[in-house]
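I have placed the structure first, in the form of structure tokens, so that the comments after it can refer back to it.
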Amino acid sequence: MQQQRHHHQSHFSAAGPTTPFGSTAVAPTASSEAKRGKRRGSYNCGRCGQPKKGHSCHLPAADESFVADVPSPSDLSLPPQPPRKPYSHLRRALSFDDDVDSSGWGGGGGGDFDSPDPDPDEIDDLVVDSESGTGLCGLPASCLWDILKRLPPPELLSAAMVCKGWRETTRRLWKAAEMLRIRVPARAQVGLVGSVLQKCPGLVNLSLRMESDVDATLLAWITFSCPNLEFLEITTSETAINRITGDELGRFVADRRLLKSLKMEGCSNLGGFALSSSSLSTIWLSGLHSLSKMVFNCPNLKEISVDFSSHENDNTDLVTMVDALGRNCPRGLRMLSLVLGSDITDASVAAIASSYPNLELLDLSGSSITDSGIGMICNVFPDTLSRLLVALCPNISASFIQFATAQLPLLELLDCGMTICDPNSLDSTSEETTGFELAQTSNAKVHLSYQKLIIKHGRLKKLSLWGCSGLDALYLNCPELKDLNLNSCKNLYPERLVLQCPNLENVHASGCQELLIGAIQSQVNNNFAGVDSYYHVSV
């Protein structure tokens, strides 16, 4: 069975001025040279301006002075995407990316650049003349616009150096851009990001992949350059440090009157925050560490996703935070995600249930809730909840997972990864298991026998049981199920597997027995082409 590789959309980086050397180059054509007449060569040095005769210039060549500091368009490519982790920042511990965020980062390609078609009057203003060097062999301006707008930003920066006409067209494309994704290399300065953002005053959607450190200067550039911004996402690499504090983030959100969605990674330096906005409806913050306060004064807030740090020295009082969350957030909240909050217990579930009766998505992955918490969820949200994620919660038994599917008729997605653990071992079930997961397992009430799971549901579309090594029998009767994740279910017996899922499209079974893979192939609609084989071998 082939382990599905989850790739996000391709991305790009754009962290430099219009040309690699900080200036715009316009190449003269033969016709323009003829009009100016024959010109003698310059007798002065092109670097320092001194006469060439008997002169030895001490200044470096232009192509040597900028290479170390300013990336050229050739540097704006993307390295290969690292292997996917079981959960990552801004992912809510999901195994299915399309339910989380469709605007992620991935490998290959040159990026994403969205610019609408110009008005007819603007097209008429773009003069394309082959003799004056402002076009390409008399190419109509509308065609030139249509071609250039398909280029990723690095190539668009290069196209601006072709001629005056192309430079003017690219300038208008930047100005008309509404969506932009940028990867900022580690050696790039924040000012270079600002120079790119200044080209796009009409931006509505901005995604930044930061491989360099982040501070409030970046927020200042965004505030200055993007007055109409509605969607902002800032992701960070493993080596980048996010130094933005809670006060700085609060001021930024208060000043952005049109901002609807804010997603930010690596928020370990926030300390505490109070966000006030009348327009904000979605907020995702990951890597939170040692929070002193968490306040949301956002009347239109519909979705909150906070990912806590798994560091041992984290002194966040999650019980107090969840109680304050219930008092400050509007009751109209639809999606709540509290990932890796190990101190979140059944009492926290009771507070959530009493504060937000209309939740459609609830993610308590990595918490310490038990079967009682699952029972409260089923009692409060039977008419609203469609997505439930309780991965890395080993205090939950298979019987109450089965109970949840019976009591939640609207359920479409269920993630129970690493909940049903192998009773004979506390070791990692796969290479995906982290130290945090092992600590959770060792502190949990591990069930003393293998368990079976029976699920019959008419609307369930995606089910994730990754790492459930304590599961030895599985019976599924889900006519709408399309995606099933059984990665590292190494103790599941082929003869105790029943799949009555006629619409099943994707099955993930890395780390499973070969006989189990054969059993899956024989049961998936008798269509062997629907399942690819892949055997994961640990060395």
- Note on the structure: Sorted by accessible surface (1.4 Å probe, heavy atoms of the protein chains only), largest first, 181, 459, 150, 387 come out as 150, 459, 387, 181
- Please give the length that would be gained between residue 449 and residue 276 if that part of the chain were fully extended, namely 0.36 nm times their separation in residues minus their C-alpha to C-alpha distance (nm, one decimal). 57.3 nm
- Note on the structure: Phi angles of segment 286-293, converted by Karplus (6.51 cos²θ - 1.76 cosθ + 1.60, θ = phi - 60°) into ³J(HN,Hα) in whole Hz with x for Gly and Pro, give 10, x, 5, 9, 6, 6, 9, 7
- Query: Check residue 508: other-chain or 5+ apart residues with amide H under 5 Å from its amide H, H built from backbone geometry?
  - Reply: 484, 485, 486
- Cut-off under 5 Å, modelled amide H: who pairs with residue 297 long-range: 275, 276, 277
- How much net charge surrounds residue 288 when only other residues with a Cβ under 11 Å from its Cβ are counted (Lys, Arg +1; Asp, Glu -1)? -3
- Item | Label-to-label distance, nm, for residues given as residue 515 and residue 475 (7 Å Cα→Cβ offset) | 2.0 nm
- Item | Leading residue at positive end of dipole, segment 449-531 (Cβ point charges), from 457, 515, 481 | 457
- Per-pair calculated FRET efficiency, R0 = 30 Å: residue 228 and residue 482 via Cβ, rounded to 0.05: 0.20
- Convert each backbone phi in segment 184-190 into a coupling constant with the Karplus relation 6.51 cos²θ - 1.76 cosθ + 1.60 (shift: θ = phi - 60°), then list the ³J(HN,Hα) values in order as whole Hz, x for Gly and Pro. 9, x, 5, 8, 7, 8, 4
- Item | Accessible surface, per residue, of segment 225-331 when the full set of protein chains is kept, probe 1.4 Å, Å² | 41 Å²
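The values are calculated or read from the model by the stated rules, or taken from the named source; none is laboratory data. Computed from a predicted structure; not experimentally measured. Heads up, the Cβs are rebuilt from the backbone with ideal geometry, glycines too, and the neighbour counts pull from every protein chain shown. We work out accessible area using only protein heavy atoms, side chains counted, and drop any ligands, DNA or RNA first. Shrake-Rupley method; radii C 1.70, N 1.55, O 1.52, S 1.80 Å.
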